[in-house]
Amino acid sequence: MPREFEIYDIRVTVVSIGGLSVCGMQVGDYFEVVESSKVQIPAGKHFCLYAMNAVFPLIPAKQRRLNENDWLETDMLVSCPDPEERLVMKVERIKRRMMDSDELT
């Protein structure tokens, strides 16, 4: 019997850079996490590994609907750990989908 659950695809977009982007990031650069665990970056683009690592711990929570009063439900901005760069990213839900937990590990 299928065990379906609701999950969101996520887009993480650079919304501001207050310093020098040593890794070459630009406002508007993004990556997506789709189908629970697949990371997609647009062809010909890149995304800084360290900026991604700042966001990754929040992804499982942002993929699920939480209590409306939970800070993880309402807060969307994450900073890159490089203090000189002052890069800020926005985490958004872009698509809701149903998945079957029997098809996942």
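Just a few scattered comments:
- Label point 7 Å beyond Cα of ARG3 along Cβ direction - residues of the range 61-105 with amide nitrogen under 18 Å: 64, 98-105
- Sorting ASP9, ASP70, ASP100, ASP75 by solvent-accessible area of protein heavy atoms yields ASP75, ASP70, ASP100, ASP9, largest first, with a 1.4 Å probe.
- Net charge dipole, the chain: roughly 200 debye, given to the nearest 20, about the Cα centre with Cβ charges of +1 for Lys and Arg and -1 for Asp and Glu.
- Across the chain, C-alpha contacts under 8 Å between residues 6 or more apart give a mean separation that, scaled by the residue count, equals a relative contact order of 43 percent.
- Applying 1/(1 + (r/R0)^6) with R0 = 25 Å to the Cβ-Cβ distance of CYS23 and ARG96 gives a FRET efficiency near 0.20.
- Simple label model, 7 Å out from Cα along Cβ direction - MET76 to GLU103, nm: 2.8
- Its relative contact order, with pairs defined as Cα atoms under 8 Å and 6+ residues apart, puts the range 2-55 at 30 percent.
- For the listed peptides 89-98, 10-19, a ranking on the average number of other beta carbons within 10 Å per residue, highest first, reads 10-19, 89-98.
- Which labelled figure in [x] 13.5; [y] 14.7; [z] 15.9 is Kirkwood radius over Cα pairs in Å, once derived from the coordinates: [y]
The values are calculated or read from the model by the stated rules, or taken from the named source; none is laboratory data. As the structure is a computational prediction, the values presented were derived from the model and not from experiment. As a convention, Cβ positions derive from the backbone with ideal geometry for all residues, glycine included, and neighbour counts pool all protein chains shown. Ligands, DNA and RNA are excluded from the accessible area calculation, which covers all protein heavy atoms including side chains. Shrake-Rupley method; radii C 1.70, N 1.55, O 1.52, S 1.80 Å.
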